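Each reported figure results from applying straightforward, stated rules to the coordinates on display, with no laboratory input. Just so it is clear, the structure is predicted and the values come from calculations on it, not from any experiment. Because the Cβ atoms are built from the backbone with ideal geometry, glycine has one as well, and the counts that use them run over all protein chains shown.
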Amino acid sequence: MNSGAENCRPRGPADFCLTCLLTSGAMLLAIGASFAWLDIDFGALFSREAAAGMGGFVTSFFPPDAGPDFLKKILVGSLQTFAVAAVGTLLAAALGLVAALPAAGRMGIAARPLARFGLNVLRSVPELVWATLMVLAAGLGPFAGTLALALHTTGVLGRLFAEAMENAPATAEASLREAGAGSAVAFVYGMLPLVWPQVIAYSLYRLEMNIRMAAVLGFVGAGGLGQMLYFHLSLFQQAQAATVLIAMLLLVLAVDAVSHLLRGRLAG
């Protein structure tokens, strides 16, 4: 009883965490050192000339180019961006599900750390780096972007699928094995139905993220809206770039809304 009362008493100045104080001080010191190292001229950043230049830059994007011919190109680029993200996510979901089996320890103790190491390598390399490597290997175009998204997303989804398998109850699968079913049949009918909603939910969430990333991968030549944006910005065609940015925003919002609706129904 005494220990419970002591735990419930108000904390005073004597109870202040020394580790918290030292950590906060180290963070403030690191932030201060970062500002000193970068040598940012805040006076020039907030000066009248900087504000005028920024205002002129922003107004140069208006009005966006709404010509019929250019809008047709925007539609093609949007479909290409969505296709890159969709195919990349689909490949990653299939490969991630296969890789999750050894990563979850279902193919022996020795295969588990090897599979997890491979998944860690895939997801530790950013999509832009994968895209740069794939452009060098496969050439410019959406194929390089698809491969880049598939490689990185395989590492992410494979780890998530493996965690879902490890956390799912094994009662149904064990019952099927005791009844004489094989390992594959017990997995398909005992384990897979339990993790399948999470597999779909994780895949849809990664599709949302890959839509955004597919638009960015175009900057390294992976096709789609990102490549169009890079092209028009390079030529200082701000009106066309504004239209591309609006198309990116609408595409991301549409995919986010549909994915959120599907995941909500799945969870329900």
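One compactness figure for region 76-201 is 1.22, namely its Cα radius of gyration divided by 2.2 N^0.38 Å. Exposure proxy ranking for 49, 173, 127, based on other Cβ atoms within 10 angstrom of each Cβ and starting from the fewest, stands as 49, 173, 127.
Per-residue Cβ neighbour counts within 10 Å put 175, 203, 259 in the sequence 175, 259, 203, beginning with the fewest. Karplus-based coupling profile of region 89-106, in residue order and whole Hz: 5, 5, 4, 5, 5, 5, 5, x, 5, 5, 5, 5, 5, x, 5, 8, x, 8, with θ = phi - 60° in 6.51 cos²θ - 1.76 cosθ + 1.60 and x standing for Gly or Pro. Between 105, 119, 152, the Cα set farthest toward the positive side of the dipole of region 96-172 (charges on each charged residue's Cβ, about the Cα centre) is that of 105. Cα centroid separation, region 232-268 to region 103-136: 29 Å. Given 0.36 nm per residue, what is the gain on full extension from residue 121 to residue 83 after removing their alpha carbon distance, in nm? This chain segment gains 11.1 nm when fully extended. If you run the Gaussian network model on the chain, springs between alpha carbon atoms under 10 Å, then out of 130, 196, 37 the most flexible one is 37. Against the empirical curve 2.2 N^0.38 Å, the C-alpha radius of gyration of region 11-59 lands at a ratio of 2.02.
Divide the volume of the convex hull around the Cα atoms of the chain by the residue count and you get 273 Å³ per residue. The slack in the chain from residue 52 to residue 178, taken as 0.36 nm per residue of separation less the alpha-carbon distance, amounts to 37.7 nm.
Using C-alpha pairs under 8 Å with a sequence gap of at least 6, the mean separation divided by the residue count of the chain gives a relative contact order of 24 percent.
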